[in-house]
Structures are given as C-alpha cells and as structure tokens.
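The values are calculated or read from the model by the stated rules, or taken from the named source; none is laboratory data. Note that the coordinates shown come from a computational prediction; the quantities given were computed from them, not determined experimentally. Here the Cβ is made from the backbone with ideal geometry for all residues, glycine too, and neighbour counts use every protein chain on show. For the accessible areas, the whole protein counts, side chains as well, though only heavy atoms, and no ligand, DNA or RNA atoms are used. Shrake-Rupley method; radii C 1.70, N 1.55, O 1.52, S 1.80 Å.
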Amino acid sequence: MGLIVQKFGGSSVADAQRVMNVAKIVTDTYKQGNDVIVVVSAQGDTTDDLIEQAQEINPQAAKREMDQLMAAGEQISISLLAMAIEKLGFPVISLLGWQAGFNTNSIYGSARIKNIRPNRLQAEIAKHNIVVVAGFQGINRYDDLTTLGRGGSDTSAVAIAAALRADRCQIFTDVEGVFTADPRKVEGAKKLKEITYDEMLELATLGAQVLNNRSVEMAKKYGVELEVLSSLNPVPGTIVKEYTKMEKMLIRGVTKDKDVALVSILGLRDTPGVAFKIFSKLSSKNINVDIILQSFGRDGTKDIIFTVSKDNGELAVSLLEDMLDEAKIVCNTNVAKVSIVGAGMESHPGTASKMFEALYESNINIQMISTSEIKISVIIDADEADRAVSAVHKAFIPND
Ligand code: ADP
Ligand code: ASP
Ligand code: MG
C-alpha cells in the first residue's frame, strides 16, 4: 500500500478499448489499497496530427500558439480516461497540467518544470480520488500553457513521483520494457531486467525513445526508481535505478538516431582561435554541437566537421557562411548516428574494434567516431542505419 504513479503513453490510450484497458489497470491498483495518480499522453498520433494541422496553416506559427494547440491532445485523453474509471465505479478526477500545479519556465515547446505545487494533488488524494493528470504540459509565470518537448509525459510522471515521494513510478508503454535495441526493428532484441540511470540516460539520448531522456535525468536526480512495462501484457518489465547487479553484459543496448546533420567546413585558414570563433558563434544561437572532428592542418588550411540536430543544419551553415568567406561549407542530412551503450565497456578493451569489425563485415563506412566511458557512437550513411544496428547488435548480443 502506498502512493503509485502510473504513466500511460499514446498507444496505450489510442482508442476506446485501450482506454478501458488502462482504466482496468489503474482501478486494480487502487483496489489493492493504493493511492493512484495517473499521467497520460495524447491518444495515438494526436500530437503529430495537431502539428500537421498547424503546418498546413502556418509553418512559422508562434511557439506559444503551438503549445496552446498541442496541450489539447492530453486534455482529451485525461477526460476520456476519467470517464472510463467512473464507469467502472471508482472515484476519479482529471486535472490539466496547471490544475495539477505544474509550473514551468517559458521556453515554449521544450519548457522545463520549475516546481509542482502539490496542494491540489494532495487534496484529491486525501478525498480518495484516483487523479488523472495531463502529461507533457504546464503553465509559465504569465499564466500561459507550455509543453515539455516530445515524449514529455514521462517527465511529468517522474516529476509527480519526486514531488509527492511516491512509492512507485510505473511507465506503461506498448513494449514489455527496455530492450537491447528497438524490439520492433531488431530481431533478437532482449528485454533487460535492470538498467542504471546513467546507461538509460545514454540510451534515451542516443535514440531509444522508450523513455524521454529528461525523465531519466530527473529520476536520477531525485532517486525515483522507474519500472518500464507493457500496458497490454502483464509481465515484469525493466527497472531503472542507480545500481544494478553486474550481469555479464558488455553492452546494454544499440541505438539509432536519424536526427543528425553533418556540417563540414573545408579549407579553413589554419589560425589560432578559429575553432573558438566558430563554436562560440553557434552556441550564441543556442545550436548544440555533438561530435566534432578537426583535420591536421596542411598548406595553411584545415577542415572542421561537426554534427548538429537536423533542424539546426541549415542555420549553422548560413551563420558560418557569413563569418568565413574563405571556406567551403556543406551540410549533409543523409546521415545517422549508431551507438552502443554499456557501463561494462569501461573495463573491456576491444569493445570499439568489435563494433567497427561488425560494420566492416557489413561493408558500412564510418564517417565519424565519438567515445565516452559508457558509449561509442559512429556517424554513417542514413540508408545503412538499420543494417548497422542489426549487425552491431548481433555481434554483441548473439541470439540464444
Ligand atoms: P509511449 O507512447 O508509451 O510513450 P513511445 O513510442 O514513446 O511510447 O516509446 C515506445 C517505443 O520505443 C516502442 O514501441 C519501441 O518501438 C521504441 N523503442 C526504441 N528503442 C527501444 C528500446 N531499446 N527498448 C524498448 N523500446 C524501444
Ligand atoms: N503527446 C506528447 C508527444 O507526443 C507527449 C508524450 O507522448 O509523452 O510527444
Ligand atoms: Mg513516449
């Protein structure tokens, strides 16, 4: 018995039958004597559809209006779920983000939660209501609606669990947990029993969309243990926590991220301070740079190549063209980042060469490499990404 936060993603509430299924899971938990706060996302592809509608009218729409629009998706799902729970005969109330006390900063489209005013949530729990909260949204100091960025409902759930010191935080989704690769795409992907926050944070940041990376960051910060599990199949899922039992596993997972643009600055004059000028210019426009490669200088010139997210590619090129008249600048968006993640690799020399060998055997060319203690990433041609993930996965996680 205790306070349990349960989050259900878009596919888990996609239609009336799925909403009833969620109502059943939630009320079963409540019947066992628990207080339950449920966080839900918009149904199915609702958020994508809303964005598409906006694009048709005004592709440059103000971000404030986009948030006003996108917040509507979760309003539909909370009320429908509350109706389903009511139908099963349980006390329930739905709350929008602002009603649940979500205060955020004012970065529309990727707002950060500043705090949760817990009064209303606590009052509803005290009345023994099941509380259904709209994920992904909050309110800023101007009383305007904000959204937390795609996949942000995971963060809403973790934030409530942290603020109310919940006993459990369960993230229900359409797969049975966190796998060694996307189980929908990679044959032989294995479900992990446990994974550390640090490993999960890398997996999420490098493309495993099963958890939003900010939610993992927040779970680590506040020590909220997460359980990722299926809303359709009641089997044990994956626990995300600080420490895990050492399994004999060199890597925990393989990911793919296609949101990458490769910017090349060719024939730069080789003078001190040029890298500083380039990257301070990009950071002044809030362009996040990921992997950077600089060639040796030759004949007084050198090349600098780096990656940014796709939507920043053209902007980076135009900023640099204005600044560097002597260099040739090109942007390639037909690339992808494939990564392996695992704390085990720190103590195992040869992990990188094993990854490169798998790519070589599949005749896939590596354009860039980046490493840290617990991950290795390569940039390759986007068209080869799925093949690369499968080949690397097979090399590290052979089929039983
Ligand atoms: P939800 O709507 O429940 O938030 P998402 O679509 O955001 O669900 O995330 C779940 C999806 O993440 C799965 O359907 C799966 O295809 C994908 N996925 C990608 N990588 C992984 C992974 N390593 N483990 C599990 N699922 C993954
Ligand atoms: N509905 C939002 C999205 O599609 C939030 C979420 O699903 O977590 O990104
Ligand atoms: Mg999600």
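Residues in region 192-206 that are crowded, with 23+ Cβ neighbours inside 10 Å and within 15 Å of ligand 3 (Cβ to nearest atom) were compared, and the one that is nearest to Cys169 (Cα to Cα) is Met200.
Total residues in region 250-260 satisfying the condition of being open to solvent by 10 Å² or more (accessible area, probe 1.4 Å) and part of a strand (DSSP E or B): the figure is 2. Of the residues making up region 330-350, those that are at pLDDT 95 or above and open to solvent by less than 50 Å² (accessible area, probe 1.4 Å) are Cys331, Val335, Ala336, Lys337, Val338, Ser339, Ile340, Val341.
From Val36, Val22, Val26, which residue is within 16 Å of ligand 3 (Cβ to nearest atom), buried (at least 16 other Cβ atoms within 10 Å of the Cβ) and over 21 Å from the mean Cα position of the chain (by Cα)?
None of the other options fit; the residue is Val22.
The sole residue among Val216, Val224, Val263 that is crowded, with 21+ Cβ neighbours inside 10 Å and in a loop (DSSP other than H, G, I, E, B) is Val224. Quick check, is Leu293 crowded, with 17+ Cβ neighbours inside 10 Å and over 18 Å from Leu206 (Cα atoms)? Taking the combined requirement at face value, the residue does not satisfy it. What are the residues in region 141-161 that are open to solvent by 20 Å² or more (accessible area, probe 1.4 Å) and touching a helix residue (DSSP H, G or I) at 6+ places or on another chain (Cβ under 7 Å), if any? Across region 141-161, the qualifying residues are Asp144, Leu145.
May I ask you to verify whether Ala111 is modelled with pLDDT of 95 or more, of a type in the set (A, V, I, L, M), farther than 30 Å from Ile397 by Cβ and within 16 Å of ligand 2 (Cβ to nearest atom)? Taking the combined requirement at face value, the residue satisfies it.
Of all strands (runs of 3 or more DSSP E) completely enclosed by region 1-101, which ones contain at least 3 residues that are within 16 Å of ligand 1 (Cβ to nearest atom)?
Correct list: 3-8, 35-40.
Flag: Asp15 matches the condition of being farther than 29 Å from Asn140 by Cβ and of a type in the set (Asp, Glu).
For (1) of a type outside the set (Lys, Arg); (2) at pLDDT below 95; (3) under 24 Å from Gln170 (Cβ atoms); (4) in contact with a helix residue (DSSP H, G or I) (Cβ under 7 Å, 6 or more places away or on another chain), each residue gets a yes or a no:
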| site | (1), (2), (3), (4) |
| --- | --- |
| Gly2 | yes, no, yes, no |
| Gln6 | yes, no, yes, yes |
| Ser12 | yes, no, yes, yes |
| Ala23 | yes, no, yes, yes |
| Asp35 | yes, no, yes, yes |
| Ala61 | yes, no, no, yes |
| Glu86 | yes, no, yes, no |
| Gln99 | yes, no, yes, yes |
| Asn105 | yes, no, no, no |
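Evaluated against (1) open to solvent by 60 Å² or more (accessible area, probe 1.4 Å); (2) on the phi < 0 side of the Ramachandran plot, Asn363 falls short on exactly one condition, (2). Within region 331-383, being among the polar types (S, T, N, Q) and under 22 Å from the mean Cα position of the chain (by Cα) holds for Thr333, Asn334, Ser339, Ser370, Thr371, Ser372, Ser377. The set of residues from region 207-243 being within 16 Å of ligand 1 (Cβ to nearest atom) and among the β-branched types (Val, Ile, Thr) comprises Val210, Val216, Val228, Val235, Thr238, Ile239, Val240.
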